[in-house]
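> I have a structure here, written as structure tokens, and I will follow up with some questions on it.
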Amino acid sequence: MRVGGRVGVWVAAVLGLALAGCRVVPVQAPDVAGVSNAYLVMPAPGSPAVLYLWARNPTPVADTILAVWVAGADSASAHGTMAMGNGMEHMMAIGAVAVPARDTIRFAPGGMHVMVFGPPPTLHPGDSVQVTVGFRRMGEVNAWATVITYAQVDSLVERGR
């Protein structure tokens, strides 16, 4: 349908004024501000899975990770691995994780990680599952974790992920 005459000029003027007041806000991908390099390691049936990821805070103010959720899982919680001094390690739950300003925290083998209880039994290596990390300041940040096997974890460590 063609709009002509004064109506066409009026519509163009109103549209021009409306657009002049708009500002373009860039959308940031999760790996820019929030979560990247996420991997869910599938366990033996009946055992919890392990989630590794990087949490990035690009802002000039420190933030805190308060919670982590994995789609379809019963629950998830951050844990740390602590050396006991006799070559043994102990794992314990961590309530919140500080993410300093303009820094990245790595949940990686041998250190902090997320225990995923009751992971979806339908996941297989190569699948992806949605992960949500709840930050105190940045809010909830969604990302996708690639499902891998324990045999693939060593290659992640070798590549610095």
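> Would it be correct to say that Ala96 is at pLDDT below 95 and under 17 Å from the mean Cα position of the chain (by Cα)?
The answer is yes for Ala96.
> Report yes if some residue within the range 92-106 is touching a residue at least 40 places away in the same chain (Cβ under 8 Å) and either on the phi > 0 side of the Ramachandran plot or open to solvent by 80 Å² or more (accessible area, probe 1.4 Å) (or both); otherwise report no.
yes
> Scan the range 72-91 residue by residue and report those that are open to solvent by 70 Å² or more (accessible area, probe 1.4 Å) and either modelled with pLDDT of 90 or more or touching a helix residue (DSSP H, G or I) at 6+ places or on another chain (Cβ under 9 Å) (or both).
Once the filter is applied, which keeps residues that are open to solvent by 70 Å² or more (accessible area, probe 1.4 Å) and either modelled with pLDDT of 90 or more or touching a helix residue (DSSP H, G or I) at 6+ places or on another chain (Cβ under 9 Å) (or both), the range 72-91 yields only Asp74.
> Name the pairs: first residue in the range 113-125 and closer than 12 Å to Ala73 by Cβ, second residue part of a loop (DSSP other than H, G, I, E, B) and among the aliphatic types (A, V, I, L, M), Cβ to Cβ under 8 Å, at least 6 apart or on different chains?
Hits for this filter: Val116/Ala73; Phe117/Ala73; Gly118/Ala73; Pro119/Met42; Pro119/Ala73; Pro120/Ala71; Pro120/Ala73; Leu123/Met42.
> Answer yes or no: is there a residue in the range 63-71 that is assigned to a loop (DSSP other than H, G, I, E, B) and either among the hydrophobic types (A, V, I, L, M, F, W, C) or open to solvent by less than 30 Å² (accessible area, probe 1.4 Å) (or both).
Yes: the range 63-71 contains one or more residues that are assigned to a loop (DSSP other than H, G, I, E, B) and either among the hydrophobic types (A, V, I, L, M, F, W, C) or open to solvent by less than 30 Å² (accessible area, probe 1.4 Å) (or both).
> Hey, another quick one. Kindly list, by first and then second residue, each pair from a residue in the range 139-152 that is under 11 Å from Met42 (Cβ atoms) and modelled with pLDDT under 95 to a residue that is in a helix (DSSP H, G or I) and among the acidic types (Asp, Glu), limited to pairs with Cβ atoms under 8 Å and residues at least 6 apart or on different chains.
Within 8 Å, no pair qualifies.
> Name the residues in the range 40-62 that are among the aromatic types (Phe, Trp, Tyr) and surrounded by fewer than 19 Cβ atoms within 10 Å (Cβ to Cβ), would you?
Correct list: Trp54 only.
> Going by the structure shown, is Thr132 farther than 25 Å from Met42 by Cβ and either in a strand (DSSP E or B) or open to solvent by less than 70 Å² (accessible area, probe 1.4 Å) (or both)?
Taking the combined requirement at face value, the residue does not satisfy it.
The values are calculated or read from the model by the stated rules, or taken from the named source; none is laboratory data. Predicted, not measured: the structure shown is a model, and the values here were computed from it. Methodologically, a virtual Cβ is constructed for each residue, glycine included, from the backbone with ideal geometry; neighbour enumeration extends over all protein chains shown. Surface accessibility is based on the protein's heavy atoms, side chains included, excluding ligands, DNA and RNA. Shrake-Rupley method; radii C 1.70, N 1.55, O 1.52, S 1.80 Å.
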